[in-house]
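Quick note: the coordinates plus some simple rules give every number you see, no bench work behind them. Note that the coordinates shown come from a computational prediction; the quantities given were computed from them, not determined experimentally. With ideal geometry, Cβ positions are generated from the backbone for all residues, glycine too; neighbour counts draw on all protein chains shown.
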Amino acid sequence: MTTDNILNNEVELTGTVETELKFNHEVYGEGFYSFVIRVMRLSDISDLINVTISERLLQDAVLNKGDSVTVSGQFRSYNNYTDSGNKLMLTVFARDIELHPDEIKFKNPNNIYLNGFLCKKPVYRTTPFGREITDLLVAVNRAYNKSDYIPCIAWGRNARFAGGLEVGENIKIHGRIQSRDYQKKISETETITKTAYEISVSKMETVSKNNIEFEIV
């Protein structure tokens, strides 16, 4: 993987291990495991975020439920094909993990930076309370001609700005990963609770063909 591919997708999370390690898959003899990290917000609400980690990173660490950790890596997407259809799955692919002896609090425990391209027309809307929101889908290039497709959500004047962007535009995003539960109706009498993952945008930049950056705070 080139340095550019690493730098266009950077994540750092600090929180507590919420679930036990679970074997996920194997690639060329290398095993990968998954777990969920709980990351607190300033509002005392928490986000539950999926992490995928190689067994090689776990060789020198024993990871248990309740441990305080910092995970650095990339936010990746993959398609999960099931009998009910195709679903976009999102996970933090760990490149480094640090265990802390005690639960600690960081000023910014949830950070992500993306440099990608809009692959879908932004959807601007307002909530019943009058808040402005724009939904974005950003394609971030990865090595070996792969891309990650990451849903993002912008608020306020960022939402107004993002709502006018065109498909194919190069944008840079700073924000945090958030999880959100919602109800999905599966029959006239039954609903199930599902979890959506997205990037809550705190800052955006558009990059022109002349590499001039326009910052929106």
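Tabulated results
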item: Estimated translational D of the chain in µm²/s (Stokes, Kirkwood radius over Cα pairs; 10 °C; 1.306 mPa s); result: 85 µm²/s
item: Within a Gaussian network of the chain (alpha carbon springs, distance under 10 Å), most fluctuating of Arg76, Arg131, Arg160; result: Arg131
item: Total lysine pairs whose alpha carbons fall under 20 Å of each other in the chain (8 or more apart, or interchain); result: 21
item: Within a Gaussian network of the chain (alpha carbon springs, distance under 10 Å), most fluctuating of Gly15, Gly175, Gly164; result: Gly164
item: Cut-off 13 Å between beta-carbons: net charge of the residues surrounding Phe32, Lys and Arg +1, Asp and Glu -1; result: +1
item: Choice from Gln59, Gln178, Gln74 showing the highest fluctuation, given a GNM over the chain with Cα pairs closer than 10 Å; result: Gln59
item: In Hz, Karplus ³J(HN,Hα) per residue of region 185-191 (6.51, -1.76, 1.60; θ = phi - 60°; x = Gly, Pro); result: 7, 10, 7, 5, 10, 10, 10
